[in-house]
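J.: Pasting a structure below so you can have a look.
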Amino acid sequence: MSVIDQAMKANERYAKTYDPKWGAGPPKPKLAVVTCMDPRLSDLPGILGLKHADIDVIRTGGPAVTEDVLAELLVSTRVLGSKEIMLLNHTGCGFTTFTDAELNAKFSKLTGDATPAPMRFFAFKDPEQQTKDQIEMVRSHPWISKEVPVRGFIFDVNTGRLREVMAHAEAAS
């Protein structure tokens, strides 16, 4: 049985006890979190000590702050009401193990089709620098309110601890 088929069977069991009151009304998160697609970051309520409903989770590889992520942050803060933005990178990220050029070459060779190249995968080498760059990208967007705190962190996959990374401007002062 495929993993998706297993998930569908589990959903049948879940639906029997599902309480629609849990998600009643529009979402009202307190915190928008941009984090990596890495499954080790899936337990954000446990990692952050918050309820599921309090976290608007935006997952992306890297985690890269792309135009799509910026649009989601705008909706989260300006429409849904999130009051803060957390950028959550982690140690041991797979996106530090390759370059965009390497993946473009690999996939072109693997498929025999180079027409999608060059694709942007947002690979990076240094999680701390990546976090600083992300903070700057979010902070510099003219539609993200200056009143919304934007803070960056690195989750250590070996210890479970978060370490804050100061933005370039904060680190210089």
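The values are calculated or read from the model by the stated rules, or taken from the named source; none is laboratory data. The structure presented is a predicted model; accordingly, all values stated were derived computationally and were not measured. Cβ sites come from the backbone with ideal geometry, for glycine too, and all protein chains shown count toward neighbours.
J.: From the list D43, D100, D54, which residue is under 15 Å from the mean Cα position of the chain (by Cα), acidic (D, E) and within 30 Å of F124 (Cβ to Cβ)?
T.: D43
J.: Let me ask something else. List the pairs whose first member sits in region 55-66 and is under 20 Å from G81 (Cβ atoms), whose second member is of a type in the set (D, E, K, R), and whose Cβ atoms are under 6 Å apart, counting only residues at least 6 apart or on separate chains?
T.: What qualifies is I58/E72.
J.: Quick one: what pairs do we get from region 75-87, first residue closer than 10 Å to V33 by Cα, second at pLDDT 95 or above and loosely packed, with under 14 Cβ neighbours inside 10 Å, C-beta under 9 Å, 6+ apart or different chains?
T.: Between residues of region 75-87 that are closer than 10 Å to V33 by Cα and residues that are at pLDDT 95 or above and loosely packed, with under 14 Cβ neighbours inside 10 Å, the close pairs are E84/P149; I85/P149; M86/P149.
J.: Which residues, counting only those in region 152-170, are within 20 Å of D38 (Cα to Cα) and not aromatic (F, W, Y)?
T.: If the condition is that a residue be within 20 Å of D38 (Cα to Cα) and not aromatic (F, W, Y), then G152, I154, D156, V157, N158, T159, G160, R161, L162, R163, E164, V165 are the ones that fit.
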